[in-house]
Amino acid sequence: MVVVIAANPLSFLHSLRPRHLGPSFATSFGSPNAFMAASSLPSCPKRLRNPFSYPCQVHNQAAHSLPPHKKEIFKSMEDWVQKNVLIYLKPVEKCWQPQDLLPDSNSEEFYMKIKEIREKAKEIPDDYFVALVGDMITEEALPTYQTMLNTGDGVRDETGASPTSWAVWIRAWTSEENRHGDLLNKYLYLSGRVDMKKIEKTTQYLIGSGMDPMTENNPYLLFIYTSFQERATFISHGNTANLAMKYGDKELAKLCGTIAADEKRHEIAYTKIIEKLFEIDPDGTILAFADMMKKKIIMPAHMMFDGQDENLFQHYSTVAQRLGVYTAKDYNDILECKVSKWNVEKLTGLSSEGRRAQDYVCGLVPKFRKLEEKVAMRAKRAPTIPLSWIFYRQV
């Protein structure tokens, strides 16, 4: 998954919250607790640290905001998911595996291939490895994402092996995504450029911390989030592929590009789900879209922690922005893409609240575009910092 942030460049964008959408905007869609969660982003006040997770407290979590009658929409979509979503999965026998892109340990050329990886890695700058490590850790927190998908009312895998189309998608999507972290982890280990123990601790802390995208067990919100996030990871992995090619490492470029292709396929599937929801329930879907944009699309690794740096995600995000791996412009491009793909401007038959939500969403991109240069300059001027992933070298 990708996606992905005063060190966090996207904080400029997220400060543009709607002020004309009052409590009725959120509560009309579901639970009266929904607006409380939407109006207070997790500010992470200090609390007593536990030994398992990021030292941050999550506030005002709303749950089960989907009205009971809306669950029937998702039950009615089972056959449609079977025919129109599961087609974006690949049979296991046709999937690439990490071993296809890494040295074969049974080959007599194994040690020579590792040496080649390490020699090429020496020519790649530290900031690239920070971005690549951040992408890898995000992918490695996959247990959290499967858990998150299984919070969705009306779509969760109720038994752990449910035959419903929604459950089949969740498990198979997870199994495809699992290869991404495996591949990046093995490459980084072989590269010799990073502190694997610090990275492994970061991954364990992140999984222990979970994530709080404020999707409220609501599949409308959940699939808007995933359609956005999958495109973000597609962009991020694609940009690391392009940079690897620039640095002269074709094998690393292929590795990152292969992951990006998976993310693109998954993005199409999630985007089609929301496209169908706009067809079935345009009012409910536009309210959900506006609600998620009001809260902001929080990157899945926002609770990243290495045991020391409580601002690790912000530091990683600043490096990614400065390097061009994932930027404020990318965030805006994704939003513009979704507004266009879902024909948000052309929606008709909406309620008064639906029309207000439509106007809000359609007005976001022009506002955000004005801030892109400022965000880029802020990241560029941010001071260098030592990061544990690269043995505390400055980036």
- Message: Here's a check for you: in the stretch 87-105, which residue that is open to solvent by 70 Å² or more (accessible area, probe 1.4 Å) and either basic (Lys, Arg) or in a helix (DSSP H, G or I) (or both) is nearest to Trp166 (Cα to Cα)?
- Response: Ile87
- Every residue from the stretch 167-211 that is of a type in the set (A, V, I, L, M, F, W, C) and farther than 26 Å from Arg118 by Cα: Ala167, Val168, Trp169, Ile170, Ala172, Trp173, Leu206, Ile207, Met211
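Can you tell me which residue among Ala290, Ala301, Ala253, Ala241 is within 17 Å of the chain's Cα centre (by Cα) and among the small types (Gly, Ala, Ser)? Write out each step before concluding.
On the way: Ala290 fails: within 17 Å of the chain's Cα centre (by Cα); Ala253 fails: within 17 Å of the chain's Cα centre (by Cα); Ala241 fails: within 17 Å of the chain's Cα centre (by Cα).
Ala301 is the lone residue from the list that is within 17 Å of the chain's Cα centre (by Cα) and among the small types (Gly, Ala, Ser).
If you check Asp135, Asp157, which single one turns out to be assigned to a helix (DSSP H, G or I) and either more than 24 Å from Gly257 (Cβ to Cβ) or open to solvent by less than 30 Å² (accessible area, probe 1.4 Å) (or both)?
Asp135
From Lys70, Lys75, Lys46, which residue is surrounded by fewer than 16 Cβ atoms within 10 Å (Cβ to Cβ) and at pLDDT 70 or above?
Working: Lys70 fails: surrounded by fewer than 16 Cβ atoms within 10 Å (Cβ to Cβ); Lys46 fails: at pLDDT 70 or above.
Unique residue meeting the criteria: Lys75.
Please work out which residue is nearest to Gly257 (Cα to Cα), limiting yourself to the stretch 138-154 and to residues that are assigned to a helix (DSSP H, G or I) and open to solvent by less than 30 Å² (accessible area, probe 1.4 Å).
Step one: of the stretch 138-154, the residues assigned to a helix (DSSP H, G or I) are 138-140, 142-149.
Imposing the further condition that a residue be open to solvent by less than 30 Å² (accessible area, probe 1.4 Å) reduces the set to 138-139, 142, 144-145, 149.
Numbers: Thr138: 17, Glu139: 15, Leu142: 19, Thr144: 24, Tyr145: 22, Leu149: 25 Å.
Among them, the one singled out is Glu139.
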- Query: Before we move on, is Tyr331 open to solvent by less than 10 Å² (accessible area, probe 1.4 Å), part of a helix (DSSP H, G or I), of a type in the set (Phe, Trp, Tyr) and under 30 Å from Ala269 (Cα atoms)?
  - Reply: yes
- Message: Could you list, ordered by first residue, the pairs with Cβ atoms under 6 Å in which the first is in the stretch 373-395 and basic (Lys, Arg) and the second is in a helix (DSSP H, G or I) and open to solvent by less than 40 Å² (accessible area, probe 1.4 Å), at least 6 apart or interchain?
- Response: Arg393/Asp126
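One line per residue, one yes/no per condition, for (1) more than 16 Å from Met303 (Cα to Cα); (2) of a type in the set (A, V, I, L, M); (3) touching a Ser or Thr at 6+ places or on another chain (Cβ under 8 Å):
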| position | (1), (2), (3) |
| --- | --- |
| Lys115 | yes, no, no |
| Arg118 | yes, no, yes |
| Glu123 | yes, no, no |
| Asp135 | no, no, yes |
| Glu140 | no, no, yes |
| Thr151 | yes, no, yes |
| Ser165 | yes, no, no |
| Thr203 | no, no, no |
- Note on the structure: Residue hits (the stretch 233-253; surrounded by 24 or more Cβ atoms within 10 Å (Cβ to Cβ) and among the small types (Gly, Ala, Ser)) are Ser236
- With the condition kept exactly as written, say whether any residue in the stretch 308-316 is of a type outside the set (Asp, Glu), open to solvent by less than 10 Å² (accessible area, probe 1.4 Å) and modelled with pLDDT of 95 or more. yes
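The values are calculated or read from the model by the stated rules, or taken from the named source; none is laboratory data. Because the structure is a prediction, the values reported are computed rather than measured. Neighbour counts are summed over all protein chains in view; Cβ atoms, including those assigned to glycine, are modelled from backbone coordinates with ideal geometry. These accessible areas exclude ligands, DNA and RNA; they are computed on the full protein's heavy atoms, side chains included. Shrake-Rupley method; radii C 1.70, N 1.55, O 1.52, S 1.80 Å.
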